[in-house]
Number of protein chains: 2
Amino acid sequence: MKIGGSVITDKTTELTPRTQDIDRLADETQRANVKDLIIVHGGGSFGHPAAQRSAVKEGLKDQNRIMGFAETHHFMTVLNGLVMDSLITHEIPAVSITPSSCMVTEDGRIKDFEQTPMKMLLNMGFTPVLFGDAVPDVKLGFTVLSGDQITSTLATKLDAEHIIVGVDVDGLFECDPKTRPTAKMFSHLSMSDLGDLHAFAGRSTACDVTGGMLGKMKELLPALERGIRITIVNAAKPGRIYNALKGESVEGTVIEKE
Amino acid sequence: MKIGGSVITDKTTELTPRTQDIDRLADETQRANVKDLIIVHGGGSFGHPAAQRSAVKEGLKDQNRIMGFAETHHFMTVLNGLVMDSLITHEIPAVSITPSSCMVTEDGRIKDFEQTPMKMLLNMGFTPVLFGDAVPDVKLGFTVLSGDQITSTLATKLDAEHIIVGVDVDGLFECDPKTRPTAKMFSHLSMSDLGDLHAFAGRSTACDVTGGMLGKMKELLPALERGIRITIVNAAKPGRIYNALKGESVEGTVIEKE
């Protein structure tokens with residue numbers, strides 16, 4: 001399960017968590033009681049502003065960026081700490097796995113990932129919790145690794161059954177529903193539908209398809225190709241994450257290989 | 001540099017940091033401005049009470065201990081977060097490395113340690129910060145890994161020059177100075193002196209040698225054997241960590257191979 005940074009933080013104000021939503025999502029997760037669950041969350045107003053100020057994503061271009069990396073990573077661990085507080089208060093046996101402690105990227109793509117501790121914890125019944133992070137990179141020195149890439153990599157490596165993507169819109173739309181309220185939402189898509197949508201997005205300037213959601217989908221394609229089902233739901237609306245975790249029918253977009 | 005949990009937390013009250021000492025130590029570290037520094041801290045009243053309540057050290061003996069592990073790890077990341085806050089506020093490019101994300105033990109001893117991300121960060125000029133943690137263990141399921149064992153392992157693997165151990169007493173004493181105020185402190189010891197002290201401690205019941213400090217020393221023996229100098233100082237007393245980091249003469253105990 002990936003939870004977007006826009007759900008658990010107020011993206012308009014730096015370092016501002018949405019603690020009520022964090023608690024509600026912990027409650028929904030606890031009630032759904034899913035086995036073999038891994039949670040990944042985004043950075044929202046904890047990770048992005050610091051990362052952007054120092055252009056951490058571009059790597060170690062000058063020494064001034066060193067503190068930017070340290071800050072970005074630290075702020076992400078602070079947000080993760082708030083998520084962990086809530087999960088543990090809800091009696092979920094959650095254990096944080098820090099990406100920058102066990103992953104190295106090459107030009108922004110995960111190159112090495114020491115999975116042993118996480119797999120051992122998962123097998124014992126723990127719920128590993130990862131997050132978008134600033135990580136060392138063999139080409140760039142360091143970079144920013146998105147929660148989406150982590151989610152896709154984990155799902156693929158661990159042969160996941162289902163990826164739930166919790167965002168702050170109801171699903172995948174033909175146009176960004178925030179700027180075009182009449183936009184149509186897709187309830188079900190195949191991988192080839194997604195390809196058509198991509199081609200359409202490439203041609204169209206009239207319509208900012210899905211407000212960046214196609215980028216997310218592109219990141220999740222390798223998982224989709226392996227037959228892993230993806231459900232996109234609005235995690236800001238109570239009950240939808242619960243329904244998705246239970247495998248129940250829920251307002252949102254389901255994407256499958258065929 | 002290892003900083004004991006008794007320095008940065010109030011061990012008499014659960015989850016109570018000594019924030020003034022944390023800030024002072026960050027200031028001393030920033031002023032000393034040492035290159036190639038790794039910091040390891042203990043758990044004090046964050047890690048130990050939760051670990052003891054669920055006997056996390058003994059491993060996964062029953063399912064009730066699962067939450068104990070999750071809590072112990074979480075509380076340690078909270079303490080680490082406070083340390084990181086202070087280091088980063090002092091403009092130290094500190095990056096936390098989470099032991100349970102990259103280390104696996106076997107019967108309580110470090111078996112595998114994915115060092116790549118930490119080494120890459122160290123080489124770029126960052127200051128990695130590790131801590132005693134609850135970690136997965138191939139025999140026990142999980143256990144508690146002490147900051148002392150992490151310190152010794154890192155110093156040995158990375159061929160450190162110097163280990164500074166910051167505790168809440170002035171150095172290594174013939175008897176615990178907290179219960180016997182007239183106890184004599186050693187200012188300089190060789191490895192063979194330490195062996196004699198061990199033999200003495202084994203025979204003597206009259207004197208709780210060093211209040212557990214010999215256990216620490218035993219953990220650091222492999223590093224000492226490789227010729228790494230160890231300086232034990234009182235990190236609760238202002239300026240001593242600064243002096244030790246600068247390599248200046250300081251009240252404390254120096255232990256060397258010969």
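Residues that are of a type outside the set (A, V, I, L, M) and either in contact with a Lys or Arg (Cβ under 6 Å, 6 or more places away or on another chain) or under 19 Å from B:Val7 (Cβ atoms) (or both): does the range B:118-126 have at least one? No, that holds for no residue. Taking the range A:112-145 as the range and being more than 24 Å from A:Phe75 (Cβ to Cβ) and not β-branched (Val, Ile, Thr) as the test, the residues that pass are A:Asp112, A:Gln115, A:Lys119, A:Met120, A:Leu121, A:Leu122, A:Asn123, A:Met124, A:Gly125, A:Phe126, A:Lys139. Of all residues in the range B:59-91, those being within 9 Å of chain A (Cβ to nearest Cβ) and either touching a Pro at 6+ places or on another chain (Cβ under 8 Å) or on the phi > 0 side of the Ramachandran plot (or both) number 5. Residues in the range B:106-129 that are farther than 19 Å from A:Ala134 by Cα, out of contact with any Ser or Thr (no Cβ under 6 Å at 6 or more places or on another chain) and either buried (at least 22 other Cβ atoms within 10 Å of the Cβ) or more than 10 Å from every other protein chain (Cβ to nearest Cβ) (or both): B:Glu106, B:Asp107, B:Arg109.
A single member of B:Val40, B:Val34, B:Val56 is more than 13 Å from every other protein chain (Cβ to nearest Cβ), in contact with a helix residue (DSSP H, G or I) (Cβ under 7 Å, 6 or more places away or on another chain), buried (at least 22 other Cβ atoms within 10 Å of the Cβ) and among the aliphatic types (A, V, I, L, M), and it is B:Val40. I'd like to check something: does the range B:2-9 contain any residue that is more than 8 Å from every other protein chain (Cβ to nearest Cβ), assigned to a loop (DSSP other than H, G, I, E, B) and either touching an Asp or Glu at 6+ places or on another chain (Cβ under 9 Å) or crowded, with 23+ Cβ neighbours inside 10 Å (or both)? Checked against the condition, which is being more than 8 Å from every other protein chain (Cβ to nearest Cβ), assigned to a loop (DSSP other than H, G, I, E, B) and either touching an Asp or Glu at 6+ places or on another chain (Cβ under 9 Å) or crowded, with 23+ Cβ neighbours inside 10 Å (or both), the range B:2-9 yields at least one hit. For the range B:130-144, a residue qualifies if it is at the interface with another protein chain (Cβ under 8 Å from one of its Cβ atoms) and surrounded by fewer than 22 Cβ atoms within 10 Å (Cβ to Cβ), and the qualifying residues are B:Val138, B:Gly141.
The criterion of at least 2 residues that are free of Cβ contacts under 8 Å to residues at least 24 places away in the same chain and touching a Phe, Trp or Tyr at 6+ places or on another chain (Cβ under 9 Å) is met by none of the strands (runs of 3 or more DSSP E) wholly inside the range A:112-161.
Of all residues in the range B:203-243, those satisfying the criterion of being at pLDDT 95 or above and under 21 Å from B:Lys184 (Cα atoms) are B:Ile230, B:Thr231, B:Ile232, B:Val233, B:Asn234, B:Ala235, B:Ala236, B:Lys237, B:Arg240. Has the range B:92-102 got at least one residue that is among the β-branched types (Val, Ile, Thr), surrounded by 23 or more Cβ atoms within 10 Å (Cβ to Cβ) and more than 8 Å from chain A (Cβ to nearest Cβ)? The answer is no; no qualifying residue exists. State whether one or more residues within the range A:13-28 are surrounded by 14 or more Cβ atoms within 10 Å (Cβ to Cβ), closer than 23 Å to A:Thr127 by Cα and under 15 Å from the mean Cα position of the chain (by Cα). Yes, there is a match, as at least one residue in the range A:13-28 is surrounded by 14 or more Cβ atoms within 10 Å (Cβ to Cβ), closer than 23 Å to A:Thr127 by Cα and under 15 Å from the mean Cα position of the chain (by Cα).
Restrict the check to the range B:26-43 and report whether at least one residue is out of contact with any Gly (no Cβ under 6 Å at 6 or more places or on another chain), outside any strand (DSSP E or B) and under 28 Å from A:His90 (Cβ atoms). Scanning the range B:26-43 turns up no residue that is out of contact with any Gly (no Cβ under 6 Å at 6 or more places or on another chain), outside any strand (DSSP E or B) and under 28 Å from A:His90 (Cβ atoms).
Selection within the range B:91-107: residues that are part of a loop (DSSP other than H, G, I, E, B) and under 16 Å from the mean Cα position of the chain (by Cα). The member of this set that is farthest from B:Thr29 (Cα to Cα) is B:Thr98.
The values are calculated or read from the model by the stated rules, or taken from the named source; none is laboratory data. What you are looking at is a predicted structure, and each value in this text was computed from that prediction instead of being measured. So basically every Cβ, Gly included, is an ideal-geometry build from the backbone, and we count neighbours across all protein chains shown.
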